[in-house]
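S.K.: Below are the structure tokens for one structure; questions will follow.
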Amino acid sequence: MGPAGTPDPLAFIGDELADLRERHLYRPLRVMSSAQGPVAVMDGREVISLSSNDYLGLSNHPRMKRAAIEAVERYGAGSGAVRTIAGTMTLHETLEAELAAFKHTEAVLTFQSGFTANTGVIPTITGDADLIVSDELNHASIIDGMRLSKAPRKVFKHADPESLRAVLAEAVTAGRDGHDQPYRLILVVTDGVFSMDGDIAPLPAIVEAAEAFGAAVMVDDAHASGVLGKDGRGSVSHFGLEGRVAIQVGTLSKAVGVLGGYVAGSQNLRDILVQRARPFLFSTSHPPAVAAACSEAIKIMVDEPWLIERLWANTRRFKAELTRLGFNTGRSETPITPVMLGDSETTIRFSSRLFEEGVFGTSVIFPTVALDRARIRTIVTAAHTDDHLDRALAAFDCVGRELGVIAG
């Protein structure tokens, strides 16, 4: 009941929560009381963490911490305003210039997160005269960005360039509203690396299909940044497609080890986003420590290439051992390695037992993935040692046999 015995208009929320718990779909938050790292203290227990997006282990890198501290001492704790009022600092301009050079693009604009980058750029550059064509498994931020746009949208089968060609051919032939009037812009959007399955988009074929029909390509490289391409420049670099992808969205919150997102492309794209992108216009800019640490991360990725080499060596070993133990890791090609279990209840139990064995592996269940596609989503990092991986694999073996997921 509400105040003075009146009915509570939000009572339905309690019912929905009870339903989630009954169906074993409710997930409490784990609380970390240590620095982010390959070993962390979660809910008071020291565990090997396989659930961080800190691919290169930069979040606790000495150079990163020093850059952040120096920025605070010189510029203070906060920026004080949105970028269009008084919140644009030399640190922000420097970071964007460094990112543009790193990505081999004309310009970059930073956002508060990768999510806001997608929800900023898509509705800004598309409207009812345009068409958005999206991979069916694109990230939620892309989906929300499309929903905020007035542009109609079509979907092609996941990572299927032939399906994309068919969608584009139909769109070009029929035109806007089926009246032969051409679209102003057809924007093909795909993740570079898909965050749940860890597979890489067939970007060369996607770009070729888009070019054949006069479409532009936008790639969300959140999980490719720092992982694929020369010095971690992303999937466009990985496939040698510089100059053929109109828009690259990246994150500063994963391999870069800090916080934020960015859009890389032409100077005109940056300029129109400054004028119209709502997340940019109505959010305070990054604190000095964040901007400075992000700049330092770009330098580290170039200066210390062995971090990416170690990341991939750990990835190959971990995948091979999981497969040898009898686990299904799906179609992963990257450090994102899902351990496919299928059933949500089993997956939650598996994650809980792993935690008891000293390993933090997050359960991913419906609605993030389909009901029958529940999995433990793991990511090894450059900071994991051989001992960390040995102990994690032993825990997977133990729990897998105990729960009958692999043969005993």
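The values are calculated or read from the model by the stated rules, or taken from the named source; none is laboratory data. Only a predicted model underlies this, so the values are computations on that prediction, with no experimental measurement involved. Cβ atoms come from the backbone with ideal geometry, glycine included; neighbour counts cover every protein chain shown.
S.K.: Here is a list: 148, 131. Which entry is in the same structural domain as residue 206 (by TED's automatic domain parsing), over 19 Å from the mean Cα position of the chain (by Cα), surrounded by 19 or more Cβ atoms within 10 Å (Cβ to Cβ) and at pLDDT 95 or above?
M.R.: On the way: 148 fails: surrounded by 19 or more Cβ atoms within 10 Å (Cβ to Cβ).
Sole residue among the options that is in the same structural domain as residue 206 (by TED's automatic domain parsing), over 19 Å from the mean Cα position of the chain (by Cα), surrounded by 19 or more Cβ atoms within 10 Å (Cβ to Cβ) and at pLDDT 95 or above: 131.
S.K.: Is it true that residue 186 is among the β-branched types (Val, Ile, Thr), within 17 Å of residue 161 (Cβ to Cβ) and modelled with pLDDT of 95 or more? Please lay out each step first, then the result.
M.R.: On the way: among the β-branched types (Val, Ile, Thr): yes; within 17 Å of residue 161 (Cβ to Cβ): yes; modelled with pLDDT of 95 or more: yes.
So residue 186 fits the description; yes.
S.K.: Follow-up. Here are the criteria: (1) free of Cβ contacts under 8 Å to residues at least 12 places away in the same chain; (2) of a type in the set (Lys, Arg); (3) buried (at least 18 other Cβ atoms within 10 Å of the Cβ). Tell me which single one residue 375 does not satisfy.
M.R.: Only one criterion is unmet by residue 375, namely (1).
S.K.: Using the structure shown, decide if residue 236 is surrounded by fewer than 20 Cβ atoms within 10 Å (Cβ to Cβ), at pLDDT 95 or above, assigned by TED's automatic domain parsing to the domain that holds residue 93 and in a helix (DSSP H, G or I). Walk me through it before giving the result.
M.R.: On the way: surrounded by fewer than 20 Cβ atoms within 10 Å (Cβ to Cβ): no; at pLDDT 95 or above: yes; assigned by TED's automatic domain parsing to the domain that holds residue 93: yes; in a helix (DSSP H, G or I): yes.
No; evaluated as a whole, the condition is false for this residue.
S.K.: Would you call residue 79 of a type outside the set (Lys, Arg), touching a residue at least 40 places away in the same chain (Cβ under 8 Å), assigned by TED's automatic domain parsing to the domain that holds residue 267 and within 30 Å of residue 302 (Cβ to Cβ)? Spell out how you get there, then give the answer.
M.R.: Numbers: of a type outside the set (Lys, Arg): yes; touching a residue at least 40 places away in the same chain (Cβ under 8 Å): yes; assigned by TED's automatic domain parsing to the domain that holds residue 267: yes; within 30 Å of residue 302 (Cβ to Cβ): yes.
Answer is yes for this residue.
S.K.: Follow-up question, since we're still on this one. Looking at the range 251-301 only, could you name the residues that are crowded, with 22+ Cβ neighbours inside 10 Å and of a type in the set (Asp, Glu)?
M.R.: 296 - this is the single residue of the range 251-301 that is crowded, with 22+ Cβ neighbours inside 10 Å and of a type in the set (Asp, Glu).
S.K.: Looking at (1) aliphatic (A, V, I, L, M); (2) part of a loop (DSSP other than H, G, I, E, B); (3) closer than 26 Å to residue 350 by Cα, which one does residue 40 not meet, given that it meets all the others?
M.R.: Of the numbered conditions (1) aliphatic (A, V, I, L, M); (2) part of a loop (DSSP other than H, G, I, E, B); (3) closer than 26 Å to residue 350 by Cα, the odd one out for residue 40 is (2).
S.K.: Within the range 87-118, count every residue that is assigned to a helix (DSSP H, G or I) and out of contact with any Pro (no Cβ under 6 Å at 6 or more places or on another chain).
M.R.: From the range 87-118, those assigned to a helix (DSSP H, G or I) are 90-103, 114-118; that's our starting set.
This time we only want the ones that are out of contact with any Pro (no Cβ under 6 Å at 6 or more places or on another chain), so: 90, 92-103, 114-115, 117-118.
So the answer is 17.
S.K.: Mind telling me which of the residues 6, 94 ends up being over 30 Å from residue 342 (Cα atoms), of a type in the set (S, T, N, Q), touching a residue at least 40 places away in the same chain (Cβ under 8 Å) and not assigned by TED's automatic domain parsing to the domain that holds residue 342? Walk me through it before giving the result.
M.R.: Working: 6 fails: touching a residue at least 40 places away in the same chain (Cβ under 8 Å).
When all the criteria are applied, what remains is 94.
S.K.: Go through the range 120-132 and give me each residue that's outside any loop (DSSP other than H, G, I, E, B) and small (Gly, Ala, Ser).
M.R.: At the first step, the residues of the range 120-132 found to be outside any loop (DSSP other than H, G, I, E, B) are 120-125, 131-132.
Selection gives 120 alone.
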